[in-house]
1. If the elastic network links every pair of Cα atoms under 10 Å, which of P91, P129, P63 fluctuates the most in the Gaussian network model of the chain?
2. Rounded to the nearest percent, how much of the accessible area of the stretch 66-328 (1.4 Å probe, protein heavy atoms only) is carbon and sulfur?
3. With a sphere of radius 10 Å drawn around the Cβ of H323, what net charge do the other residues whose Cβ falls strictly inside it have (Lys, Arg +1; Asp, Glu -1)?
4. Tally Lys/Arg at +1 and Asp/Glu at -1 over every other residue whose Cβ is under 12 Å from the Cβ of A44; what's the total?
5. Taking only protein heavy atoms into account and a 1.4 Å probe, give the accessible area per residue of the stretch 197-334 in Å².
6. Non-local amide H neighbours of F157 (under 5 Å, H modeled in plane, Pro and chain starts lacking H): which ones?
7. Would you calculate a helix-derived [θ] at 222 nm for the chain, using -39,500 (n - 2.57) for each DSSP H run of n ≥ 4 and dividing by the full residue count, to the nearest 500?
8. Can you give the FRET efficiency to the nearest 0.05 for N41 and E220, using r as the Cβ-Cβ distance and R₀ = 22 Å?
Amino acid sequence: MSTEENKIIEVDPAVLANELAEDYESSGYDTSTASLNSSINQYAYENGRRYHTYFGQDKNMLPTDETEQNRLDVHHEIFLLLLGRKLHLAPIGKNPQRILDVGTGTGIWAIDMADTYPSAEIIGVDLSPIQPHWVPPNCRFEVDDAEREWTFEPNSFDFIHIRNLAQGVQSWDTVLAQAWRCLKPGGWIELGEIETSPHSDDNSLPEDDGLRKFLILLQEGLEKMGRPGCVTVDFLRDNLKSTGFIDIESSTTKQTLAPWAKDPALKQVGALSLMVSEEGYHSYGMAVFTRVLGMTGEEADKTCSAVRTSVLNKNRHSYIPYHVVYGRKPETDA
Ligand SMILES: C[S@@+](CC[C@H](N)C(=O)[O-])C[C@H]1O[C@@H](n2cnc3c(N)ncnc32)[C@H](O)[C@@H]1O
């Protein structure tokens, strides 16, 4: 044996970092030759989580690992429960031809839409290629940044859907101007966003509550990055209006954070929220708190863990508002 063969091959710590992934494919490595020469799969590992960095370290502050993908799929079920199992509220008719989902995540909404509207083409776009390969034939995914000029033809979509994207967007003007350009005249846009501010109808959240502190710090961090810290229904409505959309309607529901509500659907929302709470608050908090607010990993972890203590407390009845706002591009340029 040569000395070269005797040398122990060191394992890349990045491979070990994501212990939850079972194999290379599920941990995000591209195992097909098709895109071996693509640099789209670029990752950084921080605090035991995997972040996608192709568009820059701070573009998306959420991790993209399997834990996060599972959380996003559970959140999809929460959104369905909040909207009475509807995939959208905009009245897009029975026969839309082309639909775009911006910031599609795992693509779960796009896939459900493809099954619901089999004659439509559904395209999901995201910074990260974390969507499954086996999808309905009328659904496909692309990797891109919503804040750059979109590659789609003008006037080419009947419906553009944007859900839970706010933490990744600095310029809503840019995103909505692109959506306006790519929507057909008469086409619909729908925005669905969680408002990152603590609520309880019975004042059961004390001043020093962990959820309250977490959300205030999250807002501070996002604002420091030039992103809207707290997306309210007025923020969404005003942005649609100033872009030129008409017939704007909105609906606000409450995402309960633990199963404290009497209403069976909201109880289920709360149970699902609690189920993913351990990962969820860390997903949102760790990168913002350490990279932007300069906390140590330990401080950030403590701040995120305190939310779970809060939501586990049966005497605290917290929720966060979920706003859905939709509008239409006029048939003619007025
Ligand atoms: C919280 S997830 C929501 C995923 C999906 N919309 C849903 O509701 O299930 C946010 C997603 O937006 C993507 N994202 C963030 N900023 C983006 C941007 N500027 N352009 C495209 N995608 C972006 C992230 O990569 C992530 O997958």
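The values are calculated or read from the model by the stated rules, or taken from the named source; none is laboratory data. From a predicted model like this one, the values you see are computed outputs, not experimental measurements. Ideal geometry is used to build each Cβ from the backbone, glycine not excepted, and the neighbour counts take in all protein chains shown. Side chains included, ligands, DNA and RNA excluded: accessible areas come from the protein's heavy atoms. Shrake-Rupley method; radii C 1.70, N 1.55, O 1.52, S 1.80 Å.
1. Evaluated over the chain, the most mobile residue of the options is P91.
2. On the way: 5720 of 11170 Å².
Using a 1.4 Å probe with all protein chains present, the stretch 66-328 comes out at 51 percent carbon and sulfur.
3. Numbers: positive: R237; negative: E193, E195, D234.
Result for the neighbourhood of H323: -2.
4. Details: positive: R49, R50, K59, R291; negative: E46, D58, D65.
Within the 12 Å Cβ shell, the charges total +1.
5. Details: 6650 Å² over 138 residues.
Here the residues of the stretch 197-334 average 48 Å² of exposed surface.
6. L183, K184
7. Working: 10 runs with 111 residues, N = 334.
Using -39500 (n - 2.57) per qualifying helix, the result is -10000 deg cm²/dmol.
8. Working: r = 32 Å, r/R0 = 1.46.
So the FRET efficiency works out to roughly 0.10.
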